[in-house]
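Where a number appears in this text, it was derived from the coordinates with a stated rule and is not lab data. Note that the structure is predicted; figures quoted are calculated from it, not measured. Reconstructed Cβ throughout: ideal geometry from the backbone, glycine too, with neighbour counts over all protein chains shown.
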Amino acid sequence: MLFSGQAIKVSLLPSGIAQLIFDLEGSSVNKFDRLTMKELGEATAVIGKSDARGVIFSSAKSTFIVGADITEFTGLFATGPEAIRDWIGRANEVFNAIEDLPLPTVAAINGVALGGGFELALSADYRVALESAVVGFPEVKLGILPGFGGTVRLPRLIGSEKAIAWISQGSHIPSKIALAERALDAIVANDDLIAAAERIIEDCLNGSLDYTAQRAIKTSPVPESPETIAALFMSAKPAVAKASGTHYPAPLTAVEVMEKGVLESRAGALVAEREGFIQLAGTSTAANLVQMFLNDQFLASKSRALSKGVPVISKAAVLGAGIMGGGIAYQSALRGTPIVMKDIAQAGLDLGMNEAQTLVAKQVKRGKMTTESADKIIGSITPSLAYEDVAGAELVVEAVVENESVKKSVLAELESVVAEDAIIATNTSTISVDCLATALNKPKRFCGMHFFNPVPLMPLVEVIRGQETSKETIASTVAYAKSLGKTPIVVNNCPGFLVNRILFPYFGAFSTLVYEGADFRQIDRVMEEFGWPMGPAYLLDVVGIDTAVHAQAVMAAGFARMELGFESAIDKLYSQGDLGQKSGRGFYDYVVDENGRLKKQPNPEIDSLIASVSAKRRNFSDSEIRDRLMLALCLETVRCLEDGIVETAIEADMGLVLGLGFPKFRGGALRFIDQLGLTEFCELADSYTHHGPMLTPTAKLREMAKAKLSYYSE
């Protein structure tokens, strides 16, 4: 044994070639934490002084190296530029030492090699991988760029144009594409990985391969002329900027870093990369996107713990077909759980099956699914008009019309048909789970399971715990949601639950501004510039004006502060049958374009309609519009956390990101308050409290502000 540490071991193979094995103790994956990087430097120095004939970098785990240890980023980024510069500098020294070893080197990639893991592989002379391997640089999705030489070595290996695409898009690249684009040198079978690496080293030693020439490519400027490089980057930068948008600076910064570095030597290019990384690491976008990653890990860990040991649902059912029922059925069948889709009318079943068939047809057309797979998915959905077909289901999702009496009748009927231990979940978006539970004899086996529309695209499922719901029911429902590829968040029962409860004060602030004379088009523009995928008027059209009116009434009945107290533009649209996209007209008009998508256009009658229920149009500053909408949304998020509707700030914020499209780069409502500062947030709210109780800070929030606390420090 040449070296033995907690993350790395090095031994000599019978061939005299050193095998450096990554195997981080206490972790299911290898990652570049401070310990691993320290040991890699030490092990590299030992190898350099040994009699080894070559080096193979490999992993004892099921995957290679997932990247840097992101859990260390939050503390690191907060320490400032010099600490970051020192951290990257040490990593560069280690990777450069690997690249400069006086013997040939090969990275043997099994599974995933991302970020720092792939940068390590690029430091080696050659890369051999399994067919199942995936490589790439996802750093831009964290608001940063590759910092261990990725922007330096990749363009020299695969060309600047391809490197721009790889790094700016942050994509995971399958091994076959990586091989075709020269980022990998060979793909081999599982049992041949180390032997193949040995053969490459032997070819280097006998002169069949010139590994010194490989190093020269990676350490020298790219061979293109300055004029060619300038033209390439001049063309690429506008496209990257347009694709990433103004709120996500990392992709464009990464391209600019490559532009600076490609005509430099390795040393000069690494300096450009390091300074670009430091620039991005100091942004709120990077801090928030890193926190988003950590939030994802937290949710995954929590749902794993909740569903541990729960039997897999082998047969499910959904009551109520249509768009929602068809979407749920498709998602269940897609993920391998056969499902019965029941309705009371053949027309409903036809609509639900058509929805599922449309979804698989899109996947086939895009080349993401074979015709055989599509047929299998559709074959796993059993449309039925009879309760008898539902009887064997272990979990049934009720997704009938959003009407309390109808739901209660259906639930009571369903309970008499299914097995005693079957779980019944309601997909209601607003009606109290406890209220619906009164229709059942066994409320312990009942909970809410709120999907968001469109089901295949929206990642969140709210699992709503009623007063009588058992832990076992929650565990099984969480497990089923996970099996569908969704992110479940468990919340307690209240009107609107978590997401809709927070959404409707936001809509209420919108309606109030319009009532006071604000232009809804300005409101949409301001909130889209803030980072929302669509402004509130456009979102109301997408949700459905009828759905919004119904939900607003439910919310106002549950929370007096949400009562508007006036006839709104939304009410007026509803009264004349303008329901948004579903009717073709709402705040905007909608037509079907050549691709079959609904296209938003001006509604020529909307201004006169608004004028009939609102004050005369007057000017509002963009900042007042933004403040009033965000204050309403953020303060209701605070109340949900204080009321125990959701357990943690992370779950509250992730509910908004996954369920509403809250801008990721802002980190969520509570994270937004933290970054503004709780004292500053309360002062801002106090300047608007004359607009009503929805904009009034809670007593606990004021106490936290006084104590200089924050939601993410707790």
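Choose one of Val140, Val491, Val646: the residue whose Cα lies farthest towards the positive end of the charge dipole of the chain (beta-carbon charges +1 Lys, Arg; -1 Asp, Glu; about the Cα centre).
Val140
Can you give the angle from 0 to 90° between the axis of helix 322-334 and the longest principal axis of the chain, with both taken from C-alpha atoms, to the nearest 10?
Approximately 30 degrees, to the nearest 10.
Just to confirm the number: angle between the C-alpha axis of helix 545-558 and the first principal axis of the chain, 0 to 90 degrees, nearest 10?
Approximately 80 degrees, to the nearest 10.
Along the Cα→Cβ direction, 7 angstrom out, place labels at Ile217 and Gln346. What is the inter-label distance in nm?
6.5 nm
Packing-wise, with mean Cβ within 10 Å as the measure, how do 25-33, 52-60, 431-439 rank, highest first?
On the way: 25-33: 16.1, 52-60: 22.7, 431-439: 19.8.
Ranking the peptides 25-33, 52-60, 431-439 by packing returns 52-60, 431-439, 25-33.
For region 3-282, what size does the Cα cloud have along each of its three principal axes, sorted from largest down, in whole Å?
54, 41, 32
What list of ³J(HN,Hα) values in whole Hz, one per residue of region 384-389 in order, does the Karplus curve 6.51 cos²θ - 1.76 cosθ + 1.60 (θ = phi - 60°) give from phi, with Gly and Pro shown as x?
8, 9, 10, 5, 4, 6
HN-Hα J couplings of region 313-319 from phi, Karplus 6.51/-1.76/1.60, θ = phi - 60°, integer Hz, Gly and Pro as x?
Ordered by residue, 3J(HN,Hα) equals 6, 9, 8, 10, 8, 10, 9 Hz.
Suppose R0 equals 22 Å. What FRET efficiency, 1/(1 + (r/R0)^6) with r the Cβ-Cβ distance, do Asp191 and Asp23 give to the nearest 0.05?
My answer for the efficiency is 0.70.
Kindly identify region 173-301 as rounded, prolate or oblate by the Cα gyration tensor criterion: order the square roots of the eigenvalues as a ≥ b ≥ c, call it rounded if a/c is under 1.5, otherwise compare a/b with b/c, prolate if a/b is larger, else oblate.
The shape class here is oblate.
Here is the link list: Lys31/Lys162; Lys362/Lys599; Lys9/Lys162; Lys176/Lys376; Lys486/Lys582. Which ones come out longer than 31 Å on Cα distance?
From Lys31/Lys162; Lys362/Lys599; Lys9/Lys162; Lys176/Lys376; Lys486/Lys582, over 31 Å: Lys9/Lys162.
Over the chain, what is the percentage of antiparallel beta bridges among all DSSP beta bridges, to the nearest 5?
Around 30 percent of the beta bridges assigned by DSSP in the chain are antiparallel ones.
Check which residues have an amide H placed less than 5 Å from Leu209's amide H, if you skip close sequence neighbours.
Cys204
With +1 on the Cβ of every Lys and Arg and -1 on the Cβ of every Asp and Glu, and nothing else charged, how large is the dipole of region 500-706 about its Cα centre, in debye rounded to the nearest 20?
Computed about the Cα centre, the dipole is about 80 debye.
Please list, ordered by chain and number, the residues whose modelled amide H lies under 5 Å from the amide H of Ile173; skip anything fewer than 5 residues away on the same chain.
Val135, Gly136
Tell me the angle of helix 346-365 to the major Cα principal axis of the chain, expressed in degrees between 0 and 90 and rounded to the nearest ten.
Tilt relative to the chain: about 20 degrees.
Using the eigenvalues of the Cα gyration tensor, what equivalent ellipsoid semi-axes result for region 302-419 when each is taken as the square root of five times the eigenvalue, whole Å, largest first?
24, 20, 12
In straight Cα distance, which lysines are under 23 Å from Lys616, not counting same-chain residues fewer than 8 positions off?
Lys572
Can you tell me what share of the DSSP beta bridges in region 71-195 is antiparallel? A percent to the nearest 5 is fine. Could you put the intermediate results ahead of the total?
Values: 3 of 13 bridges.
Bridges in region 71-195 that DSSP calls antiparallel: roughly 25 percent.
Between region 564-636 and region 247-314, how many Å separate their Cα centres?
37 Å
Using the beta-carbon distance between Ala243 and Glu528 and R0 = 22 Å, what value does 1/(1 + (r/R0)^6) give for FRET efficiency, to the nearest 0.05?
Efficiency for this residue pair is about 0.85.
Under the rule of at least 5 residues apart or a separate chain, name every residue whose amide H is placed under 5 Å from the amide H of Val188.
Sorted by chain and number, the residues that satisfy this are Ala129, Leu130, Glu131.
State whether region 313-493 is rounded, prolate or oblate according to the following rule on the C-alpha gyration tensor (a ≥ b ≥ c being the square roots of its eigenvalues): a/c under 1.5 gives rounded; otherwise a/b larger than b/c gives prolate, and the remaining case gives oblate.
prolate
Hey, can you rank 618-629, 119-130 by average C-beta count inside 10 Å, highest first?
Peptide ranking by packing, descending: 119-130, 618-629.
Between Arg626 and Val46, what length in nm is gained on full extension when 0.36 nm per residue of separation is reduced by their alpha carbon distance?
Fully extending the segment from Arg626 to Val46 adds 202.9 nm.
Just check the chain against the gyration tensor rule for me: Cα atoms, a ≥ b ≥ c as the square roots of the eigenvalues, rounded for a/c under 1.5, and otherwise prolate or oblate depending on whether a/b exceeds b/c.
prolate
Starting at the first residue of region 298-305, write each ³J(HN,Hα) from the Karplus equation 6.51 cos²θ - 1.76 cosθ + 1.60 with θ = phi - 60°, in whole Hz, x for Gly and Pro.
Once θ is set to phi - 60°, the couplings for region 298-305 become 4, 4, 4, 5, 5, 5, 5, 5 Hz.
If I model a spin label at Ala699 and Ser612 as a point 7 Å from the Cα along the Cα→Cβ vector, what separation in nanometres do I get?
Label-label distance for Ala699 and Ser612, simple model: 4.6 nm.
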